[in-house]
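Structure first, then comments.
The values are calculated or read from the model by the stated rules, or taken from the named source; none is laboratory data. Keep in mind that what you see is a predicted model, and the values were worked out from it rather than measured. Note: ideal-geometry Cβ built from the backbone for every residue, glycine included; neighbour counts use all protein chains shown. Only protein heavy atoms, including side chains, enter the accessible area calculation; ligands, DNA and RNA are left aside. Shrake-Rupley method; radii C 1.70, N 1.55, O 1.52, S 1.80 Å.
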Amino acid sequence: MFERMRRDISAVLERDPAAHSALEVVLCYPGVHAIWLHRPAHWLWRRGWFVPARFLSHVGRFLTGIEIHPAAHLGPGLFIDHGMGVVIGETAEVGENVTLLHGVTLGGTSLKKEKRHPTLADNVVVGAGAGIFGAFTIGSGSRIGAGSVVVREVPPNSPSSSCWTASTCSRRRSSGSRRHPRPRAPPIVGEGGRGSPP
């Protein structure tokens, strides 16, 4: 247990230049607190204690602003930066050394009791406000741009992009050549020039 906690702290120190010490990470990083609360909740869930597990995850959500379903699988080295508004669904799987920024949603698109949330392979980075919806895989080493809405599989080592839906990509391609003229700025009122006050 303590070895996993040390790895959680190391992940923050390695990936967040704003972190100055291990003590600061332990006391002041809600992403770390959410992961530590998830582990006992996940332990309870796997043993059939569903209500206590859900209640503990609810407490974690209240304290950190991060909602992680107790059934979700989180790999080692996960770093949830800032964390507010992060939602990780029931059947989501997160690989090793993954980074999630605030506002990320790992959501589902099915109402059936089946695998319906995404799988993030190792070393994936998901930007702020991104939503990944569906039972597919984000390939290892990929980067999902801030504000993206992802509804299909992303191949490994894909660069940062917000264009992962067919409709979005087609709209961008069709409108990519259009250029709209910028509106002219109003004349500056200053000393000795046009528009100067009398």
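Run the simple label-point estimate for Trp36 and His73 please: 7 Å along Cα→C-beta, distance reported in nm.
Placing both labels 7 Å beyond Cα along the Cβ direction yields 2.6 nm.
Solvent-accessible area per residue for the range 1-158 at a 1.4 Å probe radius, Å²?
Values: 8100 Å² over 158 residues.
Averaged over the residues of the range 1-158, the accessible area is 51 Å².
Explain nothing, just compute: Karplus ³J(HN,Hα) = 6.51 cos²θ - 1.76 cosθ + 1.60, θ = phi - 60°, for every residue of the range 65-71 in order, whole Hz, x for Gly and Pro.
Values, residue by residue: x, 10, 10, 10, 5, x, 7 Hz.
Rounded, prolate or oblate: which one fits the range 1-128, using the alpha carbon gyration tensor with axes a ≥ b ≥ c (rounded when a/c is under 1.5, else prolate when a/b beats b/c, else oblate)?
prolate
Taking θ as phi - 60°, what are the ³J(HN,Hα) couplings along the range 106-115 by the Karplus curve (6.51, -1.76, 1.60), each to the nearest whole Hz, with x for Gly and Pro?
So the J values, rounded to whole Hz, are 9, x, x, 10, 10, 9, 8, 7, 8, 5.
Please identify every one of the GluC sites (Glu not before Pro) in the range 81-156 that sits in a loop by DSSP and has no more than 10 other beta carbons within 10 Å of its own beta carbon.
Filter output for the range 81-156: Glu114.
How much of the accessible area of the range 1-126, probe 1.4 Å, is carbon plus sulfur, in whole percent? Provide the component values of the computation, followed by the final result.
Working: 4240 of 6810 Å².
Using a 1.4 Å probe with all protein chains present, the range 1-126 comes out at 62 percent carbon and sulfur.
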